[in-house]
1. Could you give the nm distance between label points at GLU105 and ASP280, where each point is 7 Å from its Cα heading toward the beta carbon?
2. Can you list the residues, at least 5 places off or on another chain, whose amide H is less than 5 Å from the amide H of LEU295, using H built in the peptide plane?
3. Apply 1/(1 + (r/R0)^6) to the Cβ-Cβ distance of LEU312 and VAL78, taking R0 = 25 Å, and write down the FRET efficiency to the nearest 0.05.
4. Counting helices only, and only those DSSP H runs with n ≥ 4, report the 222 nm mean residue ellipticity of the chain as the sum of -39,500 (n - 2.57) divided by its residues, in deg cm²/dmol to the nearest 500.
5. For the chain, what's the relative contact order in percent, using C-alpha pairs closer than 8 Å and at least 6 residues apart?
6. Quick one: 3J(HN,Hα) in Hz for the range 128-138, Karplus 6.51/-1.76/1.60 with θ = phi - 60°, rounded, Gly and Pro as x.
7. Would you list ASP169, ASP164 from fewest to most Cβ contacts within 10 Å?
8. Using the count of nearby Cβ atoms within 10 Å as a rough guide to exposure, how do TRP319, TRP181, TRP195 rank from fewest to most?
Amino acid sequence: PDLLTFTVGFERAGFSEIDVAAASAQAIGVTHITTVVTPEEIAAAVPEIVWYLDDPVADPALVPLWFVAREARKHVKVVLSGEGADELFGGYNIYREPLSLRPFELVPGAVRSVLGRASARLPDGMRGKDLLRRGSIPLEERYYGNARIFRDEELGFLRTHSTDVSFLDVTRDLYRESAGWDAVTRMQHIDLFTWLRGDILVKADKMTMAHSLELRVPFLDAEVFRVAATLPVGERVTRDTTKYALRQALRDVVPAHVLERRKLGFPVPIRHWLADELYDWARAIIVGSSAEELLDTRAVLGMLEAHRRGPLDLSRKLWTVLIFLVWHGIFVEGSITPQIPEPHYPVRL
């Protein structure tokens, strides 16, 4: 077919699916276009990305999406993308957690509470600690959706943090709506109304429209949604895989090396960059910020140094704060001025 496909990747090993995407495109007979992005290009693009976002959305996948949209617009005006497939068909690995926690359902509630308290005394990083902790608490208290980066006890660096507000306030009504459903479906319900609506679709729309590119999401077609809603849990997730029914449906179309591949999503090596290539960039943003009345910048610098030393991976936490500081610098302080180019595709009146 006369179709174009697009992929973006990075030079760092393990964070690029360019080869897999190219092989897939060849297998189905379409033209494939790839883009490789450097850390330096990303640092230069962040202010422009945040400008077009309007809000401080801190999903690292914004980065590859920005660059793949920019490249695609050089060739086409409309693209199709896979947003919604994970939420509808059970694509996130965390959806398999209820299967591994089933033995805890046989344990009386009082005993589970004791196990939970015992897990708190175990050293961080000890094998089995997190499983024991999560198995001892109800789903409503352990799953807040994909969007949660900081635990409540980690928010002390925020000057305005209030313990009167928690993630439970966001998810309480959604869990009430799904009362009586199985755990996997309830988790998908949370993600549909938080992660998909507040992150996935926001960034997809804004990053593509910034390049005058129209993005369409066929997995969110009403009929596809209805079909996905009829699938039993066992056809969504198993102990071995995710999106089981979708993989089976595409077995005669998509190459086996893709169907059987571990999910990566849109992987971005921020863990490595913030400890290396983007360390100076990140430090300059923190030191140069005037948001001290909102957060303790010295504490944030401490997070950056701890991340650089390792072995703790604080990259998602740091990225979240950095995007907020860039947003604050643009829209509140006026200390950061994005270099917004003239439109590449002006409308002719």
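Where a number appears in this text, it was derived from the coordinates with a stated rule and is not lab data. Owing to the predicted nature of the structure, the values given are computational and were not obtained by experimental measurement. Heads up, the Cβs are rebuilt from the backbone with ideal geometry, glycines too, and the neighbour counts pull from every protein chain shown.
1. About 5.5 nm separates the two model spin labels.
2. ARG159
3. 0.05
4. -12500 deg cm²/dmol
5. Numbers: 400 pairs, mean separation 92.7, N = 349.
Relative contact order for the chain comes out at 27 percent.
6. Per-residue couplings from phi come out as x, 4, 5, 4, 5, 5, 6, x, 9, 10, x Hz.
7. ASP164, ASP169
8. Working: TRP319 23, TRP181 14, TRP195 20.
Fewest-to-most ranking of TRP319, TRP181, TRP195: TRP181, TRP195, TRP319.
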